[in-house]
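The values are calculated or read from the model by the stated rules, or taken from the named source; none is laboratory data. All values reported here derive from a predicted model rather than from experimental measurement. Counting neighbours? That spans all protein chains shown, and the Cβs are built from the backbone with ideal geometry, glycine included.
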Amino acid sequence: MQRFEAYLQSHLPEVSTFHPVYRAALGDMLQAGGKRFRPMLLLSIVDAYEPLLYNGALPVAMALEMFHTYSLIHDDLPAMDDAPLRRGHPTLHKRYDEVTAILAGDALNTDAFYLIAKAPLREDIKIRLVELLARDGGSRGMVLGQAIDCYFENTPLTLEQVKILHQNKTAKLIAVSLQMGAVIARLKKKAEQEIYQFGLDLGLLFQIQDDIIDETQSDEEAGKTTGNDEDKNSFVNLLGLKESIAQADALAKDLQRRFEGFDGKLQRALQPLMTQYLYRHKGK
């Protein structure tokens, strides 16, 4: 975490311009903190299997964090959640204006792929990484989930539809973070797919936990706007708090069982993250 954080702080977007706030806006939400969950997943895989490639993987991890941050900036916009707080700081459209927030998000999205393209990795590996992030971050993944989420506000969906929504909006970017680490480490296709499928369910658990946190924590405790999901298709709105916690518990236990079937290197790599996040909905 410290190695990645140091890399991020020393590689914030550098732009020479007379625009008074553009450069600051690009870095504000990156510097505001966050769990760094997605880059940590990728780097943990690389460090476990190919530690000599760790430095080469840092730009890719940074790209994931930039891409994720772009999605948060856009998610907070007035046209979507209209949230005033993110990562304990005012959202970009509140700190500056809506146009600046939109363009900062656009820039981080595009720059993420630029970072991957310039990473000191084999060309075929970089092409695959671009393909995977575009697949799960674009029209077939995160953007699709966001579109469903926004369109069906105030229109209750079925449990299966809510799972599809959040599998796209949240889970795929978490799953592809693991898969991209596996690609850099050149794991076999079977292992790569197992890690990806594990990541999809881990991402779904992450979303259920976020819905529980939104219901049970204050803005200050969560570091972002909470109590803002009353019109959304959240798990808590559909199932209630008690059943959502039960669903999260069941999924966490299943993930723990599958995790214990991974090889020793992978278990050692992911154990700290599993310990930190598997039962965070219970305050553990």
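When you scan region 95-104, do you find a residue that is in a helix (DSSP H, G or I) and under 15 Å from the mean Cα position of the chain (by Cα), even just one?
No, region 95-104 contains no residue that is in a helix (DSSP H, G or I) and under 15 Å from the mean Cα position of the chain (by Cα).
Find the residue count for region 242-284, including only residues that are at positive phi and surrounded by 16 or more Cβ atoms within 10 Å (Cβ to Cβ).
Residues in region 242-284 being at positive phi and surrounded by 16 or more Cβ atoms within 10 Å (Cβ to Cβ): 0 in total.
List, please: which pairs have Cβ atoms under 8 Å, are six or more places apart or on different chains, and start with a residue in region 188-209 that is without any contact (Cβ under 8 Å) to a residue 40 or more places away in the chain and end with one that is among the basic types (Lys, Arg)?
Leu200/Lys172; Gly203/Lys172
Can you give me the number of residues within region 115-134 that are surrounded by fewer than 14 Cβ atoms within 10 Å (Cβ to Cβ) and touching a residue at least 24 places away in the same chain (Cβ under 8 Å)?
So the count comes out to 2.
Restricting the search to region 9-51, which residues are closer than 23 Å to Gln193 by Cβ, part of a helix (DSSP H, G or I) and among the acidic types (Asp, Glu)?
Asp47
Could you list, in sequence order, all residues of region 247-275 that are under 14 Å from Gln209 (Cα atoms), among the small types (Gly, Ala, Ser) and in contact (Cβ under 8 Å) with a residue 24 or more places away in the chain?
Ala248, Ala252
If Gln197 meets every condition in (1) more than 18 Å from Leu41 (Cα to Cα); (2) surrounded by fewer than 20 Cβ atoms within 10 Å (Cβ to Cβ); (3) modelled with pLDDT of 95 or more apart from one, which number is that one?
In the conditions (1) more than 18 Å from Leu41 (Cα to Cα); (2) surrounded by fewer than 20 Cβ atoms within 10 Å (Cβ to Cβ); (3) modelled with pLDDT of 95 or more, Gln197 misses (1) alone.
State which residue pairs qualify: first residue buried (at least 24 other Cβ atoms within 10 Å of the Cβ) and inside region 153-180, second residue aromatic (Phe, Trp, Tyr) in any location, beta carbons under 6 Å apart, and separation of 6 or more residues or different chains.
Ala175/Tyr196; Gln179/Tyr196
Can you tell which of Asp76, Asp81, Asp106 is charged (D, E, K, R), more than 15 Å from His11 (Cα to Cα) and at pLDDT below 95?
Going through Asp76, Asp81, Asp106 in turn, just one is charged (D, E, K, R), more than 15 Å from His11 (Cα to Cα) and at pLDDT below 95: Asp81.
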